[in-house]
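J.: The following block contains the structure, expressed as structure tokens.
The values are calculated or read from the model by the stated rules, or taken from the named source; none is laboratory data. Since the structure is predicted, the reported quantities are computational estimates derived from the model, not experimental observations. Glycine also receives a Cβ, built like all others from the backbone with ideal geometry; neighbour counts cover every protein chain displayed. For accessibility, only protein heavy atoms count, side chains too; no ligands or nucleic acids. Shrake-Rupley method; radii C 1.70, N 1.55, O 1.52, S 1.80 Å.
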Amino acid sequence: MSSEQTFIAIKPDGVQRGLISPIISRFEQKGYKLVGIKLTQASEELLKTHYADLVAKPFFPGLLNYMLSGPICAMVWEGKDVVKTGRVLLGATNPLAAGPGTIRGDYAIDVGRNVCHGSDSVENAKKEISLWFKKDEVVSYTPTVFKWIYE
């Protein structure tokens, strides 16, 4: 099986609303493997590095305040095409454009409170995982259920 990893973060609004368990369930039910998870209060420095491409945008100060406003559930998921499929599970960035059955489509209304972040490419996933997790915080194992998920 060809496998990759992605970074998924439940943002402060999702944590505050008690959505950690339902979001984890979506990825588990799909068949993906959770290999890293932690509840963390991100630093301003970490967020500026994570969102380096957005720092010059006029909305960045609001985004930064929002992401500093509470804990974040940072996760690493692993499996076949998990980056692309993870983004499908999340739904469109703007929750009003996200379809029913997606995380954002079911749990969010406003783009400024869209519940989750998901890596948009394998390259960015690698960068984001190394930014949020130390090497020994991501584990390797083979779930016994994989024989029922992968050929």
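J.: With bins 10 Å wide starting at 0, give me the P(r) of the chain over every alpha carbon pair, in whole percents.
T.: Reading upward from the zero bin: 11, 42, 37, 9, 1.
J.: Given 5 Å bins starting at zero, what is the percent of C-alpha pairs of segment 65-151 in each, up to the one with the largest pair distance?
T.: 3, 12, 19, 19, 21, 16, 7, 3, 0
J.: How many percent of the accessible area of the chain is carbon or sulfur, using a 1.4 Å probe?
T.: Carbon plus sulfur share of accessible area: 54 percent.
J.: Return the FRET efficiency for the residue pair T40, Y150: r is the Cβ-Cβ distance, R0 is 35 Å, and the value is rounded to the nearest 0.05.
T.: FRET efficiency, T40 to Y150: 0.70.
J.: Given a Förster distance of 25 Å, report the FRET efficiency between T142 and T49 from their Cβ-Cβ distance, rounded to the nearest 0.05.
T.: E between T142 and T49, to the nearest 0.05, is 0.20.
J.: At q = 0.32 Å⁻¹, what is the base-10 log of I(q)/I(0) for segment 87-126 according to the Debye formula with one equal point scatterer per Cα and no solvent? Please give it to two decimals.
T.: The Cα Debye sum returns log10 ratios of -0.98.
J.: What longest region of the chain stays clear of chymotrypsin sites (Phe, Trp or Tyr not before Pro) that DSSP places outside H, G, I, E and B and that have at most 16 other Cβ atoms within 10 Å?
T.: 60-140
J.: What do you get for trypsin sites (Lys or Arg not before Pro) in segment 42-145 restricted to DSSP loop and a cutoff of at most 11 other Cβ within 10 Å of the site's Cβ?
T.: Passing sites in segment 42-145 are K134.
J.: Calculate one ³J(HN,Hα) per residue across segment 67-84 by plugging θ = phi - 60° into the Karplus curve 6.51 cos²θ - 1.76 cosθ + 1.60, and present them in order as whole Hz with x for glycine and proline.
T.: The phi angles translate into 6, 8, 6, x, x, 10, 9, 8, 9, 10, 10, 10, x, 5, 6, 5, 5, 5 Hz.
J.: Would you mind computing, in nm to one decimal, how far apart the modelled labels at A56 and T93 are, each placed 7 Å from Cα along Cα→Cβ?
T.: Computed distance between label sites A56 and T93 equals 1.6 nm.
J.: Using the Karplus curve 6.51 cos²θ - 1.76 cosθ + 1.60 with θ = phi - 60°, work out ³J(HN,Hα) for each residue of segment 23-39 in order, rounded to whole Hz, and write x for Gly and Pro.
T.: 6, 4, 4, 4, 6, 5, 5, 5, x, 7, 10, 7, 10, x, 7, 7, 9
J.: So the label point goes 7 Å from the Cα of D106 along Cα→C-beta, right? Which residues of segment 29-55 then have their backbone N under 16 Å from it?
T.: 29-32
J.: Turning to a different aspect of this structure: How many lysine pairs does segment 1-87 hold where the Cα atoms are under 20 Å apart and the two sit 8 or more places apart or on different chains?
T.: Within segment 1-87, the lysine pair count is 10.
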